[in-house]
Structure formats: structure tokens, C-alpha cells
Amino acid sequence: MSRRARSESQGIAVRVIAAIVFVVLAGALGSWLGARTNAPATVLPQPKPTGTPADAPIPEQPDAPKPVAPPLYFYGSIQPGSDVEAVAGEVKLAAAAGIHTHILRMQFPWPDLGQDVNASLYPLDRIEQEDPEASIILGISLNPPDAWLDAHPEAVATSGEGQKRYPSIASDVWLDASRRALSALTEQIEHSGRGARVTGFLLGALEEDRWFRTGDYDRSAANMEAFREWLRAAYPDDTALRAAWGTEVVSLDTAEIPPKLDTTDQTNVFFDYPAEQNQIDYLRFVSESTADFIANLAGHIHQSSANYLKLFAPYGHSFELTANDAGHCALGLLLDGEIDGFVSPVSYEDRGLGGAGGFMGPVNSAGFHARQWVIIDDTRTGISRNADTGAVDRIEGLRTEDVMRVQKRNFASILAHGLALAWADDHGSGALYEPRVWEMFSRMREVYEATWNAPGAPRPGDFIEYPTPQKRTTLMIVVDEASRFYQRCDTKLNESLLLRARDSALRVGAPTQFCLLQDVLDGHAAPASAYLFLNVFRLDGEDREQLRNIMIANGAAAIWLYAPGYLADSADVQNVIDTTGHKVVQFDKPAMAGSVYQLSGGRWMAKGDEFGAAERWAPLFHIDAAESEVLAKYKDSGKPSVAVKFFDDGWASIYIAEPAVTSDLLRELLLILENYVAFRKGPTNHRDVAYFGPNLIAVHASTDGEHPIYFSEAVDAQDVLESEVGWLNKIYIPIPMKLGDTRILTLNLAISDELPEALPEEPKEVAEKAE
């Protein structure tokens, strides 16, 4: 397999009405707050025993599945300059909370410089004193000291004057030195008696120890030669290279690293090829060589160490790192290799109270390949330990209660997706030297264990069944790594299609997952009711056919953004037509984006609502109104920008030519497709965040007020962190919350004989829209 509306259309209106009726049947008002008299966390109707004859043979019982251990960690630092006593105190608090896995950043010793490997491990003895059950993952920065870089100038990446120096990702000298240093460290661990405590490494390097770089391309001799070696693997001979690059004056031995072009021009989004195939090749090389370096180190560690060490890397941050030359677009090469897990902080975009707190990468792809994804919760706490007095210092104005509310949101996100979470004291200063937060973390550990070991909870390798009518993922967010190599304009477009679309999806109010396009094509991804294709610009005919077959098999809808499939053997609007099934037209010159919704009767979008920015783009596309049911038009040109088409073989295609999407538009589209959405408009105008897990929904409030959620049938709901809060026999719950509050509710079918309360009346403006 290859990879690498009529504005008031009667047909669409019927579908809108059907979707509204569906959701109405899925919700009703009611609330019950107060004590629950020792009710179990899960209450399900039990089948009557059928009885077994006394002389019947007793069948063999299969081995019980191994319980899921909550992957909750402490993340600290024992590097020089850290307060080791503060970190030891945090480890003690973590151990008391039942958390015994600690990720500890250490000073990585370079034996080439005569540095003492054993001395770097001394702080571990202090950690073991506070937690004899400690399992330690050492956080390692493979960035060499300046003295090593001075001694090996051939290994240094080129950089601007005055900028920090880093090694070149293509340097064999750096790779070999890193291997030797890692071997010395593992040997010391194994021979010092610390082997039982050190169970893994977190491997970091380059900027922020997250395997990315910024600035101009690396033009070092090492990188130049590595690029040529990469080209020799990609092209069989000079003739093939010249044909691909469209020039007769290049060879595999003379090819140069191309100049870095202007990446801000929105009227020249994609590279021309073959004229700029060298740019495309170089971007692919940067990401693949970064992934290869990580994989090479991981393979060396696993082959040379006596004990199996779990290996993690902060890589695959394809939503967050919007520059396409950052080197993070080859996660797919690592998913089935030597790396056991991937690591990323909570998104630095919109992470405060009421924020989405999104994922930096396609976290569910890791799970599809039996890999772990660890979210680092490095929320600023304003707490530190005074190393001289031992007293706890606090920054005035930063309330611990608010910090804990953000941490609660972050826990809800990983709990729902079955991810790992590490609470961080990044600098080893005592940022988590606060018993109250560890009391909350202890309760979270219990909740995680109960949720993922409950009867019916998915086992490793199983897909999640959600408490929704379809049971499966409602919205699969799909990002393509390979398509990013073809973009000349990167950050501006990626901020809209990747960063903001990711956060919009989290605010929809439906089960949502995040994965790579290759996992959809290869059949690894969970089936979904709708797929939001963020940036699938590069598709060949086989890819298009496979995606269509997947949509048909799942009875699903494809929601395409901006320029789906535009690039194949050439850039051609016919490729967009073949991908989406819509009659699509390309504007013949840069055109203005910014759209206006055209339908009345919507729940979340009213006729005349605007979305998208009024900015010029090229290419930009519009849809032939005669062949599709139009939902929105460009404000400037009046041409259709969003349309839906239903096909006889059971799938639907929604094309959003606008290079943007909002949570309101996504909700409206899901309702048109007759999919479940938990949110409905109420007295409070909110943009809440929702997470769904096995028998679980969590809501993070974006504002003060009443936050209604609906269910497809009557449920009993209980807050997992505040067991005195719950609701019985409800299909509609108006949850009162303040900005930044989070409710994590377990849901079970109601067992009451009474009918749930009737639906509340809608706010006047919503009712008027629906008429």
C-alpha cells in the first residue's frame, strides 16, 4: 500500500430536522445532587442466573486479564542546580499517593570528556531512601557540552551568529559518541546495584530536548553528505534525480541543500514540482533522519543492555510544531520500532483555565501500535522549596486551587484516552511540594485504576466503546505527515488546520480521537462515524480508493479541509474532485477566504454566521452548487465554500474549502450526519471541552454558568472525584460550573422504573432558529 446548497435545500433541511429529532430523543432535563448512600461506582442490571446441572463438567476458565496499572508518574530533575531534597520530598509524597514511577532528568555524563558516570547517579540513592519501591526512568539530554562541540566542529550544525550550538542530526561522530556514553551509563547502572531501580530512559536532544530545530537549514558538511546519501537511497541514478528535480545540472554527488524559502506567503501555498522537488526531498530528509537517529539509539540500548529498558522520546508533535522543517513528521517510522512510548507536554496553546489543553501529537496512533503516550503536566504552580530554610515559597496571586483545576482538566483528558500522565517539577525546585495536590493525585490514581479495570473496559489492543448510540469514535481527527513536505507556506496554514482545528474538535462534545493518515489507510485506526481530514494534500489513486472503501465499510462521512488530494503526480483540481466526489473549481488567482453559513434551522450555526478569516489564499477552491448541497459560501465572492454530498453506497462527503473550521461548524455537521453530540445550547453561551472514555464523559467549563449535556438514554451519573455529586435516571443534566471547573462522570444505564424528566424548554433564540 502506498503512503508514505441550495441555501435552503429541502434535502439538507430534512437531514437537519432528523438530526435534531435524534438529539431531542437523546436528552432530558433533570438533576439530583447530594449524598449517594454507598452506591457502587458502577450500577448495571444483572442477568438472572440460568442454573447449571450439578453433574455438568466445569469448563476451564481463561486466565484473568492482567489488571491495568495506572500509568501515572512524577517528573522531576536531579541535575546540578536542582534542589535534590525538594525532589526527594516530592518522591516521598508521590509514594504515599501510590505513585512509584519517577521520570528524573539527570546530567548525562560524557566519558569522552572524562566525566564521572557513577557520580551522576548518586542522587538516585537519596530517591530510593524516600521510595524503596521506586521505578526510575532517567531523562537524558544527548546534547553534548560545549567542550565536546569545540573538540568536534565537524559534528556541529550550522546556526546563526550568537545562537546556541547544537550537534547535527546527521553527524555519525555525535551518534557514535552518544552510543558510547549510553553504554557507559547502562553498564554503570547494572554494575552498581541500581539496575533494579532504573527501568528506562527518556531520550532527548536538540532544542528544548524535544528533537526539533529552528532557523536556517543545517548546511554542515555532515548534513550535506547525509542528504546525498538519502538521495542515493531515494533515486537509483543521476537520470532519475534529474528527472525528479527538473534540471540537468545536478547529480547524486553534487546535490546541494536548497535555500530556505519564504514560508509566510499564503498566495503560494505549495511547492512547484519538479522545479522545487529539492525542497520537498529536503523536508522529508530532515524528519526521516531525525527519526532514524532516535531509532538507532534505541536499537543500540536494547541490544547492549543486560536488562530491558523502556525507551521514550519526545517526538511526533505534529499538531504543535507548525514549521515543516522542525523534523517531527516521521512518527510513523517509529511506531513499530524500538521506542516504547512518546512524550509531550500539554499543548502550550490554550492551556489555561477554560482552555482546550490539547495534545501535541496524534496520541491515539501510539495506542493503535501498542505504544504509550505520556503527557507531561508542567502546569506552573508558583510553588518552590527554599533550599536554605526548607520552607515552601509561593508566588502571590497564583492560587493552588486554580492550579489544581487545570491539573484536573489534564487528568480528564488522559483518563478518557487511556494515556499516561506525569506531573512535573521541571526544574527540581519543589513545584509539587504541596500535600494537597498529592492527595488529589492519589484519588486520580484510584479513579484511573477503577476506570480501566472495570467490567467491560477495553483491554490493551481493544478499541474503546463509548457511552453513545454508535458506541464507536464519532470524530477521528486525521493528520498526514507526508503532505507537510509539499507545503511552501507552513506555519500560517498549519496554525489554522492543525492547531486550531485540533482544539475545535475537543470542543465539539463527541468522542474524538487523533491519529495519522497512514493508520487509517493501513487499517490500524479505530472505526469512526466521521473522519476529519486536516491536511491530506498528497494522495495517489490507491490512497483515494482505499479511503473511499473505508468510508463505505464504516458507513462513515469524510470531512475534508482546504485542498484534499490536490497533489498527486501534479497539482490539479481534478485530484480534489476525485478525492471528495464534489465538482470543485479552483479560483484562477489568489482569492479571499472567510465564509458565511447559509442554512437556517441549525442548532449551532445560524444563517449568516461567519467563520474563517478574510485573507487571500492561492490555491483556493469553491464548489459547484448544482451538484452538491451547499452549506456555506465565501463572503467575498459568493461562491460555495462548504457542501455535503451523500452517496448511494452509504458514505457521505463534506468538503470545507475554507482553510479553517470551528467547533460550532463541526457540531452542526455532525448533527446533519445524524451523529450524537452531547452539548446543546442553553442559558450559558459556552465553548466547553469534552472528553469521552469507557462509560465516561468529562466536561471542562469555558465560562461560569449552567452547562447542559445530553445522553442517548437515561443514565445514572456520578462524579468520580467527588462521589457525593451525582444524578439518577437522567437523559439531560444541566451541570452548574464555574470557569475552569471539570466534571468527570461515570455513566451507567439507569435502573429506575420511573420515566426521566421531560426536556426543558429551549432558550427562545434557539427555538426560533429551529422553526
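The values are calculated or read from the model by the stated rules, or taken from the named source; none is laboratory data. Quantities reported herein were computed from a predicted structural model and do not represent experimental measurements. Quick reminder, even Gly has a Cβ in these numbers, built from the backbone with ideal geometry, and neighbours come from all protein chains shown. Only protein heavy atoms, including side chains, enter the accessible area calculation; ligands, DNA and RNA are left aside. Shrake-Rupley method; radii C 1.70, N 1.55, O 1.52, S 1.80 Å.
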**Student exercise, the range 689-749 dipole from Lys, Arg, Asp, Glu Cβ charges, in Debye to nearest 20** = 120 debye
**Message:** Per-residue counts of other Cβ atoms within 10 Å, averaged by peptide: what ranking do you get for 507-518, 387-398, 700-711, highest first?
**Reply:** 507-518, 700-711, 387-398
**Request:** Would you mind classifying the range 475-529 by shape? Square roots of the alpha carbon gyration tensor eigenvalues, ordered a ≥ b ≥ c; an a/c under 1.5 is rounded, otherwise it is prolate if a/b is larger than b/c and oblate if not.
**Result:** oblate
**Message:** If the only charges are +1 at each Lys and Arg Cβ and -1 at each Asp and Glu Cβ, what is the size of the charge dipole of the chain around the Cα centre, to the nearest 20 debye?
**Reply:** 1440 debye
**Request:** Roll a 1.4 Å probe over the protein chains and send me the accessible area per residue for the chain in Å².
**Result:** 39 Å²
**Prompt:** Evaluated at 4 °C with a viscosity of 1.567 mPa s, what Stokes-Einstein diffusion coefficient in µm²/s does the range 211-257 have when Rh comes from the Kirkwood expression over alpha-carbon pairs?
**Reply:** 112 µm²/s
**Asked** What FRET efficiency, computed as 1/(1 + (r/R0)^6) with R0 = 22 Å and r the Cβ-Cβ distance, is obtained for residue 125 and residue 388, rounded to the nearest 0.05?
**Response** 0.45
**Item:** With 10 Å bins from 0: P(r) over the chain, alpha-carbon pairs, percent
**Value:** 2, 13, 22, 24, 20, 13, 5, 1, 0
**Item:** Accessible carbon and sulfur surface of the range 597-701 relative to its total accessible area, %, 1.4 Å
**Value:** 42 percent
**Prompt:** Relative to the compact globular guide of 2.2 N^0.38 Å, what is the alpha carbon radius of gyration of the range 689-749, as a ratio?
**Reply:** 1.02
**Fill in**
Mean Cβ-within-10 Å packing, highest first, puts peptides 674-680, 245-251 in the order 674-680, 245-251
**Message:** Applying a 10 Å radius around every beta-carbon, put 746-753, 578-585 in order of their mean neighbour count, most first.
**Reply:** 578-585, 746-753
**Message:** Using only the alpha carbons of the range 208-348, what is the convex hull's orientation-averaged projected area in square nanometres?
**Reply:** 10.4 nm²
**Message:** Quick check: Cα centre of the range 534-608 to Cα centre of the range 88-165, how many Å?
**Reply:** 47 Å
**Fill in**
Calculated from DSSP helices alone, with each H run of at least 4 adding -39500 (n - 2.57) and the total divided by the residues of the chain, [θ]222 nm to the nearest 500 comes to -8500 deg cm²/dmol
**Fill in**
The farthest towards the positive end of the charge dipole of the chain, of the residues 731, 696, 183, given +1 on Cβ of Lys and Arg and -1 on Cβ of Asp and Glu, is 731
